[in-house]
Amino acid sequence: MSPTGNDVSSSGTPAASPEAACNTGGVYYCEQLSRIHGMSLWDAWGNPSSNYEAGVKAKAIINRSRQNVARMVGGKAEDIVFTSGGTEANNLVLHTALEHFRKNCRAAGEGHVNGSNDLPHIITSNVEHDSIKLAAEHLQVDDVTFVPVSKVTACVDVEDIIDAVRPNTCLISVMLANNETGVVMPVQELCEKVKMLNKLQERIRILLHSDAAQALGKIPVDVQELGVDFLTIVGHKFYGPRIGALYVNGLGTGTPLYPMLFGGGQERNFRPGTENTPMIAGLGKAAELVTNNLSDYQSHMQNIKVYLEEQLQDVFKDKIHFNSHYPSSDVLPNTCNVSILGPALQGDVMTSLSVCLNSYVVHHTSTRPSHVLLSCGVPSEVAANALRLSVGRGTTKADVDTVVEDLRETVQLLEKMN
């Protein structure tokens, strides 16, 4: 379900919709930034690495955006590195963990650390985004352990992760919130346990990473409270343009970061390449809006989601199954994952249903049951019928009424056809 209203910035100016932000490459947000801070993209067309006026202005916009992104996650501006998106940020973390391990192995002299061979080991969960899962599988590592989430809570158990640690474990990566179920993972508790492990044993430090793509803009995210070494930030998940950033705790001093790209030295050589000023400006403005308005956003989305689920229950009664209900787990305020039960609504038919509802953010992209839902204990015949409906900052009860009615009519039609 797409948001229909506009956000209002601290200046009272309507903010761009997610679609507008993406289509303009961040120009809309950047022009809002110019009204507040006296900077305009029209005058900041230069190379941010240059010292002529247009380049200096571009650099100032980037610096301001870096501060806004850092403030959103409770970090320092110097610990933010801009990337093309979440996929690049996640791959950069995995690359860094392997390089850090190998560097320490070489320093040990014999290529062996902690009594292990010189191939590193990575731990993650079995419900991670493909930019973690596939990247880990394609790296030259000793092994990747995919710790299963509980079929009762849909959460990964911290003790299961600790039990999976080996002498050559170099990275633990667990998402902050799952994109299909909305379940929030116990990242803070995990970080506390792993830091104790790092202190108690003579070993190469295990680095800690969380992909916060789904959580930002919906729930509070504070890197100091979480205790992560790395945090992935994705702009279009909180109404910004399609660009990302990586938070690194003590970048270059407290926590290592090894570049995957080499070039002109931008981003302090950690991510070289001429900066994309409009997109970075958009990311900074979107982050500022989150910092200033998160409690309102969260409360609104939660209220609308509750109304949505009540309407679905009222219309479909015993034919509805909520795949995002886990009473003992915290769940994002915007995510509603449901299955409308019945053999006539599986596979290709549910794909047709999502196409019929393409005016809204309704997700069903495969004829196979989601491996995430199966991992969370959802029966195969139920998972095959799954749809994810996401509410937004501007979604209204009228929008909910419209999509539920469209869903009811479409289901009736498909049941008759099948």
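The table for this structure:
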{"item": "Some residue of the range 169-178 being surrounded by fewer than 24 Cβ atoms within 10 Å (Cβ to Cβ) and over 21 Å from PRO327 (Cβ atoms)", "result": "no"}
{"item": "Options SER329, SER299: the member that is outside the structural domain of HIS95 (by TED's automatic domain parsing), crowded, with 18+ Cβ neighbours inside 10 Å, among the hydroxyl-bearing types (Ser, Thr, Tyr) and under 25 Å from LYS237 (Cα atoms)", "result": "SER329"}
{"item": "Criterion: of a type outside the set (A, V, I, L, M, F, W, C), within 21 Å of VAL248 (Cβ to Cβ), surrounded by fewer than 22 Cβ atoms within 10 Å (Cβ to Cβ) and at pLDDT 95 or above - qualifying residue of PRO148, PRO220", "result": "PRO220"}
{"item": "Every residue from the range 371-386 that is surrounded by 19 or more Cβ atoms within 10 Å (Cβ to Cβ), at pLDDT 95 or above and either outside the structural domain of TYR326 (by TED's automatic domain parsing) or not in a helix (DSSP H, G or I) (or both)", "result": "CYS376, VAL378"}
{"item": "Residue check for THR153: within 27 Å of PRO220 (Cα to Cα) and either free of Cβ contacts under 8 Å to residues at least 12 places away in the same chain or surrounded by 15 or more Cβ atoms within 10 Å (Cβ to Cβ) (or both)", "result": "yes"}
{"item": "ALA177 being touching a His at 6+ places or on another chain (Cβ under 9 Å), in contact (Cβ under 8 Å) with a residue 40 or more places away in the chain, outside the structural domain of SER328 (by TED's automatic domain parsing) and not β-branched (Val, Ile, Thr)", "result": "no"}
{"item": "Unmet criterion (only one of (1) surrounded by fewer than 19 Cβ atoms within 10 Å (Cβ to Cβ); (2) modelled with pLDDT of 95 or more; (3) of a type in the set (A, V, I, L, M, F, W, C); (4) touching a Gly at 6+ places or on another chain (Cβ under 8 Å)) for ALA89", "result": "(1)"}
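Rundown of residues vs (1) in contact with a strand residue (DSSP E or B) (Cβ under 8 Å, 6 or more places away or on another chain); (2) part of a loop (DSSP other than H, G, I, E, B), yes/no style:
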| site | (1), (2) |
| --- | --- |
| THR145 | yes, no |
| THR153 | yes, yes |
| ARG166 | yes, yes |
| GLU189 | no, no |
| LYS193 | no, no |
| GLU202 | no, yes |
| GLY217 | no, yes |
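The values are calculated or read from the model by the stated rules, or taken from the named source; none is laboratory data. Everything numeric in this text was worked out from a predicted model, so none of it was measured. Quick reminder, even Gly has a Cβ in these numbers, built from the backbone with ideal geometry, and neighbours come from all protein chains shown.
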